[in-house]
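These notes concern the structure reproduced below.
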Number of protein chains: 2
Amino acid sequence: MTQQTTPDVVVVGSVAFDSVRTPKAAHEKLLGGSASYTSMAAALFARPGLVGVVGDDFPQSYFELFRDAGVDLQGLQRLAGKTFHWSGVYEDNMNNRRTNYTDLNVFANFNPAIPEAYRDSPFLCLGNIAPALQAHVLDQMRRPKFTVLDTMDLWITTTRDDLMKVIARVDMLTVNEHEARHLTGKGSLLKAAQLILEMGPRYALIKKGEHGAFLMSKDDMLIVPAWPLIEVMDPTGAGDTFAGGLIGTLAELGEVTREALHKALVNATVTAAYACEAFSVNRLETLTREQLDQRASAFRNMLP
Amino acid sequence: MTQQTTPDVVVVGSVAFDSVRTPKAAHEKLLGGSASYTSMAAALFARPGLVGVVGDDFPQSYFELFRDAGVDLQGLQRLAGKTFHWSGVYEDNMNNRRTNYTDLNVFANFNPAIPEAYRDSPFLCLGNIAPALQAHVLDQMRRPKFTVLDTMDLWITTTRDDLMKVIARVDMLTVNEHEARHLTGKGSLLKAAQLILEMGPRYALIKKGEHGAFLMSKDDMLIVPAWPLIEVMDPTGAGDTFAGGLIGTLAELGEVTREALHKALVNATVTAAYACEAFSVNRLETLTREQLDQRASAFRNMLP
């Protein structure tokens, strides 16, 4: 049975229905959720295994979409009830996002169980779920070589102690500008990143959206601007896609050297830009590795 | 007489007293003005000649500061009256600048006269003055190889026709994010840059402050993030310093190839970051080429 193979990278997080309206269009019950974007992006570079939960309303077509992309679904639980449903609206220049509603449904009782075949996976991406659950995942993994943790404002506010404990256990924390400032109380993103390193991780990755990202370690720093995207169709999941492109590339290379991290940042940037060109994971679904490599090469060529 | 030598680059703009308050400190009647920053930055790479005007209150020490840095002052007029005086305050995280007063004084009657020895200079930086005066400078130059034009909101609003005419005559327009949007009416900076190219210049350089800059031409794009600066002491003149580092590097290399432009963008970025580390041109005054080259090399090393 091929499902018994250990994935190159385990991706944990939400799988959801997204109902999204942007200034360009509106769509209902698209495939969404952090683990969906991250695993679809990682699948461009490696063999991810997805750990998440969906309800019995999750359509066959979405299961097939994942499988066609090469995402292993042995870790995707199916519970009786409805799938997590998020609805939001982007206003003006896509910079303002307003949530209409968040129906957690089966996600409210999510208890991530890591399949036996996943426990030896060398790379782990802990998407945005409750810090206690992220810790529970870490407890089940044997000795991942490299672990990336994402989080959000909700956990910084409501479960800060749990969050600090799990941050101390991972190799890289990835947050956006706002979360970095919220978590550390620092206005300067450089100071915020330095404080994150004091919390335990070897790497702090700060995502700045259209302004790129930077990766700080104790004695080094890598910087990557954003891919120049003329038209954004839907920015949902851009940060999760970035994380997927990053850890997918590291998993493909099998090592976390400076050169591998630079390559991972370029692939993450380009993959996230592709994701914004269409709603949901639609562009990731059709994207070929050749297209991605070409854009990554063009991007590097734009940099000094 | 050494002053009869043709400069590598002619820098036109304001020379001023700046009285500045930031959250860190406050200082009165510092050396300021666009041409001061631009020529001091350019002098790190080439021999600039400054075209501007000061009053009879301009101190000997400031003349000497320019000369010690290698800035030719044959084009700096001295008129009876007071030197242009600007006073401003930076609030919060340095992102809000408020002007207390702008006393134009002798600058109100500035009529840029280009010394004979300057007219064959191959590089020209037209700092932010009235577009009609910028055009008057262009009329006096013989055949500059490469001309960079800066402008500001005042001219976009009050003398748009004059501005459009002079934009059409230069090789590169350099503006900040806000000016780019104001000039073109486009929210997207990429679209704004495309529109600027339609106005005539071969290059549109959009400066994004702490988020770096990008340079667009008809079929190419170069991107540079900002140098990661932990402490900003005074951001006054950062954009002018960027322009000076850019055109100074091009003047040093003597050509405008893709590789030269990349090198110029790196030097511009690093020089502008140095300028922000102290008030006025103080850090540029003490900066050595060796320090600058080291930081430029470290910066390139941070990029993929």
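The values are calculated or read from the model by the stated rules, or taken from the named source; none is laboratory data. As the structure is a computational prediction, the values presented were derived from the model and not from experiment. Backbone-built Cβ (ideal geometry, glycine too); neighbour counts: all protein chains shown.
Remarks
- Counted residues, region A:6-31 - those being under 23 Å from A:A264 (Cα atoms), part of a strand (DSSP E or B) and among the small types (G, A, S): 0
- For A:T83, the stated conditions do not hold, so it cannot be described as closer than 18 Å to A:F110 by Cβ and part of a helix (DSSP H, G or I).
- Neighbours by Cβ (under 6 Å, 6+ apart or cross-chain): first from region B:68-83, closer than 17 Å to B:A41 by Cα; second among the hydroxyl-bearing types (S, T, Y) and not in a strand (DSSP E or B): B:V71/B:S39
- The test for being within 23 Å of B:H178 (Cβ to Cβ), in contact with a Cys (Cβ under 6 Å, 6 or more places away or on another chain), of a type in the set (V, I, T) and more than 14 Å from chain A (Cβ to nearest Cβ) does not hold for B:V89.
- Here is the figure for region B:127-150: residues that are at pLDDT below 95 and of a type in the set (S, T, N, Q) total 1.
- Per the listing B:L261, B:L284, B:L265, the residue uniquely part of a helix (DSSP H, G or I), surrounded by 20 or more Cβ atoms within 10 Å (Cβ to Cβ) and away from chain A (no Cβ under 14 Å) is B:L284.
- Residue within region B:215-228 that is among the hydrophobic types (A, V, I, L, M, F, W, C), closer than 20 Å to B:N128 by Cβ and in contact with a helix residue (DSSP H, G or I) (Cβ under 8 Å, 6 or more places away or on another chain) present: yes
- Restricting region B:206-240 to residues that are more than 30 Å from A:S217 (Cα to Cα), away from chain A (no Cβ under 14 Å) and under 21 Å from the mean Cα position of the chain (by Cα), the residue that is surrounded by the fewest Cβ atoms within 10 Å (Cβ to Cβ): B:T236
- Only residues that are assigned to a helix (DSSP H, G or I), crowded, with 21+ Cβ neighbours inside 10 Å and touching a Pro at 6+ places or on another chain (Cβ under 6 Å) were counted in region A:119-142, giving 1.
- Residues satisfying the stated conditions in region B:268-281, i.e. in a helix (DSSP H, G or I) and in contact with a strand residue (DSSP E or B) (Cβ under 8 Å, 6 or more places away or on another chain): B:A268, B:T269
- Pairs meeting the criteria (first residue in region A:258-283 and on the phi > 0 side of the Ramachandran plot, second residue part of a helix (DSSP H, G or I), beta carbons under 9 Å, at least 6 apart or on different chains) are A:S280/A:S36; A:S280/A:Y37.
- Selection status of B:V148, of a type in the set (A, V, I, L, M), in a strand (DSSP E or B), within 28 Å of A:F214 (Cβ to Cβ) and more than 10 Å from chain A (Cβ to nearest Cβ): no
- Candidates B:D68, B:D57, filtered to the one that is assigned to a loop (DSSP other than H, G, I, E, B) and either over 14 Å from the mean Cα position of the chain (by Cα) or of a type in the set (D, E, K, R) (or both): B:D57
- Residue that is nearest to the other protein chains (Cβ to nearest Cβ), among those in region A:289-299 that are loosely packed, with under 15 Cβ neighbours inside 10 Å and of a type outside the set (S, T, Y): A:A298
- Filtered residue count, region A:183-205, keeping only those that are at the interface with chain B (Cβ under 8 Å from one of its Cβ atoms) and among the hydrophobic types (A, V, I, L, M, F, W, C): 1
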